[in-house]
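A short write-up of the structure that comes next.
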Amino acid sequence: MEFRLIDRIRERTAQGREDVRLGIGDDAALLAVPPGMELAVAVDTLVEGVHFPVGTAPADLGWKALAVNLSDLAAMGATPAWALLALTLPDTLAPAAREAFVDGFADGFAALAGPQRLALVGGDTTRGPLAASVTVHGFVPAGQALLRAGARAGDAVLVTGTLGDAAAGLASLQQRATDPRAAGLVERLNRPTPRLAAGLALRGRAGACIDVSDGLLADLGHVCAASGVGAEIEAALLPRSPAMLGLFDEDAALDFALAGGDDYELCFTVPAQRVAEVQADLARSGCGATRIGRIVAGEGVRVRGADGAWLETARRGWDHFAA
């Protein structure tokens with residue numbers, strides 16, 4: 001049964017690449033890194049009930065399991081190449097249901113992998129609580145990777161896309177919202193768009209970069225800690241979608257944008273004099289970018305409200321091991 005499941009995944013995710021010397025089917029893959037490139041590697045695990053709601057469609061899970069990892073490559077300015085997949089399936093699935101789940105998962109995975117020419121080169125399947133672990137590998141020219149440690153006082157802070165939609169989508173599911181606008185928010189939760197083109201455009205321009213997975217305050221906080229600086233954010237400048245603002249009040253929408261996470265947008269810093277140039281280039285890449293604040297001397301992230309006062313935020317973002 002296990003090898004039949006592997007075959008089904010391989011058939012649906014096949015992608016030819018000359019740098020894959022040996023892919024699925026042996027004890028390990030054999031891969032060739034192009035000359036002059038560094039290998040960027042990232043791994044994420046999604047667990048049912050923790051990282052995605054119970055009942056998430058298999059195709060959506062396949063897409064998201066890959067997307068959250070591609071977002072890490074985007075934040076490094078890397079081009080995707082290869083992936084490994086470890087898929088854990090529950091005992092409660094009958095054989096036919098298990099095969100149908102795997103087919104759907106692989107189709108969702110392939111829908112995102114195909115346009116990126118990303119090759120699935122190995123992995124594992126096993127029994128247990130439903131979970132998917134993906135490891136991605138990408139290339140970045142030597143010395144050109146985007147890092148968290150390059151923010152400098154005086155830099156502008158920008159984010160791609162809109163913030164808070166995924167958290168609003170989860171809240172919509174939990175509230176069983178029937179408003180048509182909720183569907184778009186749930187789509188943002190289930191099928192995030194990794195900002196790969198934006199990451200490439202930011203190489204050589206962004207001082208620091210991170211993807212917003214755990215929440216803006218938490219993730220920008222990581223940039224500040226790595227760079228030895230602080231940040232000041234203007235709440236009024238945060239880009240938020242009409243759908244979210246139409247379905248939730250200001251307090252909830254602000255909390256989603258600051259601490260909700262799961263949007264997988266890029267948060268990055270650039271010298272203030274380059275903001276307009278970078279925004280124009282990212283607009284051409286299809287996602288755009290909004291200036292939301294600045295880097296300052298000091299530490300931590302502060303948020304200024306519309307009235308000019310500093311806000312007290314109830315939470316900073318997601319923490320797997322918080323009480």
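Observations on the model:
- Region 78-172 holds strands (runs of 3 or more DSSP E) entirely within its bounds, and those carrying 2 or more residues that are closer than 26 Å to residue 293 by Cα and either at pLDDT 95 or above or outside the structural domain of residue 17 (by TED's automatic domain parsing) (or both) map to 156-160.
- Count of region 126-167 residues which are surrounded by fewer than 21 Cβ atoms within 10 Å (Cβ to Cβ), under 15 Å from the mean Cα position of the chain (by Cα) and at positive phi: 0
- Strands (runs of 3 or more DSSP E) (entirely within region 240-316) containing at least 3 residues that are surrounded by 19 or more Cβ atoms within 10 Å (Cβ to Cβ) and touching an Asp or Glu at 6+ places or on another chain (Cβ under 7 Å): 266-270, 289-296
- Any pair with Cβ under 9 angstrom, 6 or more apart, that starts in region 224-244 at a residue that is closer than 9 Å to residue 299 by Cα and ends at one that is assigned to a helix (DSSP H, G or I): 229/223; 230/224; 231/220; 231/221; 231/223; 231/224
- Sole exception among (1) closer than 18 Å to residue 64 by Cα; (2) touching a helix residue (DSSP H, G or I) at 6+ places or on another chain (Cβ under 8 Å) for residue 129, by number: (2)
- Within the option set 256, 268, being at pLDDT 95 or above and farther than 27 Å from residue 203 by Cα holds for one residue only, 256.
- Members of region 35-66 that are part of a strand (DSSP E or B) and either among the polar types (S, T, N, Q) or in the same structural domain as residue 183 (by TED's automatic domain parsing) (or both): 45
- The condition (being β-branched (Val, Ile, Thr), part of a helix (DSSP H, G or I) and farther than 20 Å from residue 304 by Cα) is satisfied by just one residue among 186, 223: 186.
- Qualifying residue in region 210-221 (condition: touching a residue at least 12 places away in the same chain (Cβ under 8 Å) and either surrounded by fewer than 19 Cβ atoms within 10 Å (Cβ to Cβ) or under 24 Å from residue 179 (Cα atoms) (or both)): no
The values are calculated or read from the model by the stated rules, or taken from the named source; none is laboratory data. Quick caveat: nothing in here was measured; it's all calculated off a predicted structure. Positions of Cβ are backbone-derived with ideal geometry, glycine not excepted, and every protein chain shown enters the neighbour counts.
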